[in-house]
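Each remark here refers to the structure printed beneath this line.
The values are calculated or read from the model by the stated rules, or taken from the named source; none is laboratory data. Treat the numbers as computed from the prediction; the structure is a model and nothing was measured. Every residue, glycine as well, gets a Cβ built from its backbone with ideal geometry; the counts of neighbours run over all protein chains shown.
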Amino acid sequence: MYPQITIKSSDELIAFARSNSQEIILNNEYMLLKLKTTKKSITPFLPQFNLSWQEYDRINYKQNDIRTKTITASITQLLFDNAKTKTEYLYNRQTSFLEYMLYQKTIKEYELNLIEKYYNHQLLSNTLILKEQLLENSLKDLNAIKYKFENGLITKSDLLEYEIYCNKLENEILNYKNQIQINIFDIKEMLNIPEETDIFIEEYSEHTINETNTLKDKKTQIITDMLRNDIEIQQLQNTLNYERKLAKTIKRFYFPSIYLSGGISFTGISYPLTQPEYNLKLIFTFDSVPFVKPNLSTNSGVNYNQSKSLENSLSANIIPEINYFDNKKIAAISLKQAELKLSNKEREISKKAIEYIFSHDNLLSQIKINKTTQTLMKEKLDILKYEAENGLVTYSEYIKQIIDFSEVSQALIQQIIQFNLLLEKIKYLTGESSLYE
């Protein structure tokens, strides 16, 4: 299906993953539909309609039979409930939105893992190139060293030490090639593409790194952006807001829920029914009052012969709420727990932001120092090579300098790639495309 895939950058790798994964596409569509459904869940705010039909037949042996038919239609509308319905709706809608954002976070984490694999490949590839260049130059030197040994200009020990060094380089090269293949296999697994598909990742081209672009002066802004962009923080804030509103509702237990109900009914002996009766009812329910739940209603009606009626009723359900006071304590503790969780998470994110800023600025300093060190060591290496060729120093000293130069060059490659990976992470966590503007 994919004879060969060429990846030029981490952005291209992510774009391919998004377009190639049916699971990501379907899950995203599902979460969007779920979010849309939650937004439309406004049924509690809408009028509730009811339609009923009834026939009543009673046969009397000594009196006339009674036959009654009734059709009733009614509508009930919530007018007020101390904002309980609105609070519940807003909480559910925000929860659904955050579930969608949490899903997006899992996608971002998957993409971030891919980016890490990309930079790991670049680290391995660039280190392999460095080792191959060292081996190529060392093999050229080895021919000259063998010639010197054959002519008695150097000792057997110098020759053997250089051959051992070349063998170690060859072994390291094989090891890096193996690690590259494993990393490529992992990328194929994450992209869900066949193993036989060839993936070619172009060599990483170093971006210009300005050593003055530190982030220590942007610490406050980065912390703020990371706190604002973190989905778990948003979830905890949503839960805390809901707990606070719930606590206010519990304190205002004396507020009733108020409903307005209107209806029309037709009664008669046979169809069509021509005896209409209209009624309008106002209902007060005190659901939040502890132990005693009063219900108050007032009902006015007008029937087909213009007679009017007015009815008031009051009832109360007595409920033994044994755990009422314990539940109040639990609600208070739950609110404090929500506040504590949010505070702890904010500290955790702030700490992570500071660690990233320190790592960013520290890597900048290390890159600057190692670039200078690499230049100086290259100059020293050229001098030692000349001195070794002319018998002024042993080849052991020259080999030691090659190894030191290799380690510094390898460390520099690693620091540059770590730096760019860290930039990707900070941009992802802050939601910012540029950190230096």
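Points worth noting:
- Count - residues of the stretch 386-396 that are in a helix (DSSP H, G or I) and touching a helix residue (DSSP H, G or I) at 6+ places or on another chain (Cβ under 6 Å): 3
- Selection count, the stretch 18-29, where residues are of a type outside the set (Gly, Ala, Ser) and surrounded by 12 or more Cβ atoms within 10 Å (Cβ to Cβ): 6
- When each of 80, 45, 49 is tested for being exposed (fewer than 15 other Cβ atoms within 10 Å of the Cβ), out of contact with any Asp or Glu (no Cβ under 9 Å at 6 or more places or on another chain), of a type in the set (Phe, Trp, Tyr) and modelled with pLDDT of 85 or more, the lone residue that passes is 49.
- Residues considered: 413, 399, 426. Of these, the only one that is of a type outside the set (Asp, Glu), crowded, with 16+ Cβ neighbours inside 10 Å, closer than 20 Å to residue 109 by Cβ and in contact (Cβ under 8 Å) with a residue 12 or more places away in the chain is 426.
- Selection count where residues are aromatic (Phe, Trp, Tyr) and either free of Cβ contacts under 8 Å to residues at least 12 places away in the same chain or in contact with a Phe, Trp or Tyr (Cβ under 7 Å, 6 or more places away or on another chain) (or both), scope the stretch 228-264: 1
- Checking the stated criteria, residue 267 turns out to be farther than 25 Å from residue 93 by Cα, touching a residue at least 60 places away in the same chain (Cβ under 8 Å) and surrounded by 15 or more Cβ atoms within 10 Å (Cβ to Cβ).
- You will find that of 138, 96, the residue that is in contact with a Lys or Arg (Cβ under 7 Å, 6 or more places away or on another chain), touching a residue at least 60 places away in the same chain (Cβ under 8 Å) and part of a helix (DSSP H, G or I) is 96 and no other.
- Some residue of the stretch 363-377 being closer than 22 Å to residue 349 by Cβ and within 44 Å of the chain's Cα centre (by Cα): yes
- Any hit, the stretch 67-83, residues being within 54 Å of the chain's Cα centre (by Cα), assigned to a helix (DSSP H, G or I), over 30 Å from residue 424 (Cβ atoms) and not basic (Lys, Arg): no
- Residue in the stretch 336-346 that is at pLDDT 80 or above, closer than 30 Å to residue 49 by Cβ, in contact with a Leu (Cβ under 9 Å, 6 or more places away or on another chain) and among the charged types (D, E, K, R) present: no
- Condition check for residue 163 on (1) closer than 25 Å to residue 29 by Cβ; (2) surrounded by fewer than 16 Cβ atoms within 10 Å (Cβ to Cβ): one failure, at (1).
- Pick from the stretch 190-227, criterion free of Cβ contacts under 8 Å to residues at least 12 places away in the same chain and part of a helix (DSSP H, G or I), ranking: farthest from residue 365 (Cα to Cα): 224
- The one condition in (1) in contact (Cβ under 8 Å) with a residue 24 or more places away in the chain; (2) more than 30 Å from residue 234 (Cα to Cα); (3) surrounded by fewer than 18 Cβ atoms within 10 Å (Cβ to Cβ) that residue 143 fails to fulfil: (1)
- For the stretch 232-257, filtered to residues that are outside any helix (DSSP H, G or I) and among the hydrophobic types (A, V, I, L, M, F, W, C), the residue that is farthest from the chain's Cα centre (by Cα) is 255.
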